[in-house]
Structure formats: structure tokens, C-alpha cells
Amino acid sequence: MKRLLVTGSSGLIGSEVCLHFAAKGWQIHGVDNNQRAVFFGPQGDTRWNQRRLADSITGFQHHELDIRNRAGVLELLQQIRPDAIVHTAAQPSHDRAAAIPFDDFDTNAVGTLNLLEATRQACPESPFVHMSTNKVYGDRPNTIPLKEMASRWDYDHPDFVHGIPESFSIDQSKHSLFGASKVAADVMVQEYSRYFDIPTCCLRGGCLTGPNHTGVELHGFLSYLIKCNLEGREYKVFGYKGKQVRDNIHSEDVARFISAFIETPRIAEVYNIGGGKDNSCSILEAFSLVESFTGQEQVYTYVDENRIGDHICYYSDLRKMRSHYPGWNISIGLEDTISQIVEAWRHRHAGNDFCVVPEAGGFAPISRGMRSEATTPPVVHEKLSGP
């Protein structure tokens with residue numbers, strides 16, 4: 001039985017990867033110490049997801065380990081000698097990083113280095129997948145000429161009709177401290193691959209989302225927006241008229257790509273992973289989409305000052321990913337993703353630990369490893385876009 005080590009296993013992508021590889025017959029080792037609750041408070045707590053994995057995956061082994069613990073990381077990898085490592089643990093908020101700069105850098109940069117060096121010593125032949133971020137590009141995407149449309153901004157330059165490519169510069173831009181710590185990790189992953197021949201890739205994610213996201217105001221845009229809608233809570237829009245654009249990719253599609261890379265790994269690759277233009281939306285468009293599924297009006301206020309380093313428009317150019325792995329593509333669209341997140345928050349508000357997976361004829365909520373009867377999915381509404 002092949003062994004997979006996943007850091008940040010109780011998070012959105014980590015938990016999705018655990019479930020995906022468990023279904024393929026791998027033995028799963030999860031590393032998580034619920035640091036998200038430390039960064040974001042009780043609303044960021046992911047213990048419910050840890051319980052879900054323990055109940056859903058036979059033989060799941062949870063390791064309560066902080067990746068900043070260098071000796072502990074090395075000891076664990078020498079003990080397990082995993083056949084692949086998926087590194088999703090991070091301090092994920094560029095707003096929060098400014099308040100905790102040492103915790104941010106020690107987690108994102110030094111924690112990644114601890115894992116890379118332990119991999120080099122324990123299992124250098126094992127593929128290493130690092131969840132990076134599009135924030136490595138800083139605010140440089142904002143230098144691309146833009147056109148303002150009725151409900152969104154969009155690129156007004158032929159070189160970016162498909163989105164941001166991996167060749168886009170990371171220099172001469174404001175990153176936020178979070179973006180800088182992730183740049184350090186991103187470059188170090190590439191360097192360990194080229195220098196020591198460890199197969200690696202950095203996945204520079206756009207808005208990674210899905211039904212098992214513990215969205216909070218400072219991280220997890222779409223999940224948090226839906227949570228606010230269902231609770232009638234005020235959502236704050238920070239600048240750019242609410243027309244700032246993000247591409248959204250379902251965590252299952254992220255896990256599918258990670259699986260494809262691990263099956264056929266490469267050296268020091270970088271991919272911009274997101275929903276692409278077809279699965280992009282502005283905040284205003286997200287309001288309308290969510291309202292169409294919940295039937296509840298979005299309560300929000302507008303703050304004229306944008307977040308530091310925030311992208312006005314960002315969506316990923318997926319052509320490199322598709323060319324290297326032609327068997328992979330986006331399989332879950334934006335509307336289906338939103339409908340799943342809506343149902344997920346409804347279940348969590350009812351006190352259930354759950355997962356929502358697509359099934360023929362409906363969405364089946366899974367609570368603590370037990371499958372319930374499939375429910376009829378919401379009507380799929382056409383995605384709004386500018387003229």
C-alpha cells in the first residue's frame with residue numbers, strides 16, 4: 001500500500017486530497033495542529049474536518065505536529081517514508097500576516113524548508129506537491145490594462161485573454177508579507193527540485209473553494225460570502241466597486257490535478273491553478289449567484305479602501321496545465337460549486353460534520369462517514385457576466 005503524507009490535512013485542499021487518495025487505496029497520514037483556529041479564532045477551527053477524515057477513511061493516521069518543529073518533521077518523514085508528499089499547511093491570509101509576521105514567515109517559508117530537507121533526507125524520490133498562491137505575483141496583475149464592465153473588471157490586453165500565465169513576473173510589485181513568505185517557499189521548492197532532483201511542483205492557486213472550506217473574512221472569499229448570506233450577516237466589500245474578479249476552482253478538481261502530477265511527476269514545475277475565465281466572477285456577480293440559490297438577499301457594506309496588494313482582476317491561464325496533463329480539466333463549474341457550498345453551510349448550521357459530493361441525480365451529504373439519501377440539487381442558474 002502506497003503512503004501519502006498530507007500537511008494541513010484538516011484544511012480544504014488537504015482534506016480533499018486525503019479523501020481522493022484514500023479512494024485510490026493509499027494509506028493516508030495527515031499532519032495538522034489546527035493552527036487555523038489560532039490564526040483566525042474559533043470560526044477558523046477545523047477539528048470537525050479532522051473528525052470527518054478519521055470517520056471516513058479506514059486507517060487514517062493523524063499526526064498532531066507543527067511544521068515549524070524541524071526535528072519532529074524529520075523524525076516523522078523518516079518513520080513514514082511516504083511515496084508522495086502534498087504540502088497544503090500554511091498561514092493563508094495576506095491581511096493577517098502583517099499582524100503576525102514571524103508566525104507567517106516561520107510557517108510558510110521555514111515550515112516548507114523543514115519539509116523539503118526532511119524529504120531530501122528520507123525519501124528524495126517521492127513527488128512533492130506544494131500549494132503555493134497567486135499572491136506570489138504581488139499586485140503586478142493590476143498593471144495590466146483593464147476595462148470596466150457593468151458588473152466586473154476584465155483584462156484589456158490581448159496577451160491576457162486566457163488569464164495570467166506562469167511566465168508572469170513576480171518582481172517589482174507589492175506582495176503583502178504573506179505573498180513574500182509564499183514566494184520564499186515557492187522558490188525554495190523549485191530549488192530543491194533542480195538542485196537535488198526531487199520531483200516537485202508549485203501550484204499557484206486562485207480561489208480554491210468547495211463545500212468543506214472553513215471560510216472566514218480574512219481567507220476563503222466564496223465560502224465566507226455564502227456563510228454571511230445564509231446567516232444574514234453583513235459582508236464587507238473592500239474597494240474596486242465590488243467588481244474585483246476571482247477565478248474559483250473546486251477542491252476536487254485540485255485534488256484530481258495533484259493526483260495526475262504524482263502519477264507522472266516532473267522537475268521544478270509551476271502551474272497557475274484556478275477556475276480560469278469560465279469560472280470567474282466578481283463580488284457583485286457572486287452576490288447575485290448566491291442569492292439565486294439561497295433566495296436570501298445579500299447584506300453588505302462598501303468600504304472605499306481596497307485591501308493592500310489586492311488584485312483588481314485575476315484569473316488563471318490553464319493552458320500549460322492542460323498541455324502537460326491532457327487528461328485533466330475543470331469538471332465542476334462555478335454554479336455547481338456554489339450550490340454545494342450553500343448546502344454544506346446549511347448542514348453545518350444544523351450541527352453536522354459532513355461532506356457533499358456530486359452523485360448521479362443529486363448531491364449526497366455524508367455525515368461522519370455515513371451516506372444519507374441523495375437530495376435533489378438546486379436549479380442551476382446561468383452565470384452572470386458583464387456585457
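The values are calculated or read from the model by the stated rules, or taken from the named source; none is laboratory data. For clarity, every value in this text was computed on a predicted model and none was experimentally measured. So basically every Cβ, Gly included, is an ideal-geometry build from the backbone, and we count neighbours across all protein chains shown. What goes into the accessible areas is simple: the full protein's heavy atoms, side chains included, and nothing from ligands, DNA or RNA. Shrake-Rupley method; radii C 1.70, N 1.55, O 1.52, S 1.80 Å.
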**OP:** Report relative contact order for the chain in percent, whole number only (criteria: Cα-Cα under 8 Å, sequence separation at least 6).
**Re:** 18 percent
**OP:** Go ahead and collect, in residue order, the members of the range 78-99 whose backbone nitrogen is under 19 Å from a label point 7 Å along the Cα-Cβ direction of Asn69.
**Re:** 78-82, 86-91
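Rounded to the nearest percent, how much of the accessible area of the range 59-197 (1.4 Å probe, protein heavy atoms only) is carbon and sulfur?
Reported share for carbon and sulfur atoms: 51 percent.
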Original post:
Which whole-number percentage describes the relative contact order of the range 257-358, with Cα contacts under 8 Å and a sequence gap of 6 or more?
Top reply: 36 percent
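Suppose the chain between Ala98 and Tyr195 were pulled fully straight at 0.36 nm per residue; how much longer would it get relative to their current alpha carbon spacing?
31.7 nm
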**OP:** Using just the alpha carbons, could you tell me how many Å³ per residue the convex hull of the range 24-90 encloses?
**Re:** 95 Å³
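Holding the Cα-Cα limit at 27 Å, pick out from Lys24/Lys227; Lys2/Lys227; Lys135/Lys243 the pairs that are longer than that.
Too far apart for the 27 Å limit: Lys24/Lys227; Lys2/Lys227.
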Subject >> All-pairs Cα distance distribution in the chain, expressed in whole percent, bin size 10 Å >> reply: 5, 24, 36, 26, 9, 0
**OP:** Keeping all protein chains in place, calculate the accessible area per residue for the range 114-250 (probe 1.4 angstrom), answer in Å².
**Re:** 35 Å²
Subject >> Charge dipole magnitude, Cβ of K and R +1, D and E -1 - the range 212-287, Cα centre, debye nearest 20 >> reply: 280 debye
Original post:
Just from the alpha-carbon atoms, what are the Rg and Dmax of the range 228-346 in angstroms?
Top reply: 16.5, 48
Original post:
What distance in nm separates the simple spin-label points at Ser288 and Met149, each placed 7 Å from Cα in the Cβ direction?
Top reply: 1.0 nm
Original post:
Can you list the HN-Hα couplings for the range 164-172, worked out from phi with the Karplus curve (6.51, -1.76, 1.60; θ = phi - 60°), rounded to whole Hz and with x for Gly and Pro?
Top reply: 7, x, 5, 7, 5, 5, 9, 8, 6
Original post:
Just the accessible area for Arg266, please: 1.4 Å probe, Å², rounded to the nearest 10?
Top reply: 90 Å²
Subject >> Chain lengthening between Glu231 and Asp304 when straightened (0.36 nm per residue, less Cα-Cα) >> reply: 23.9 nm
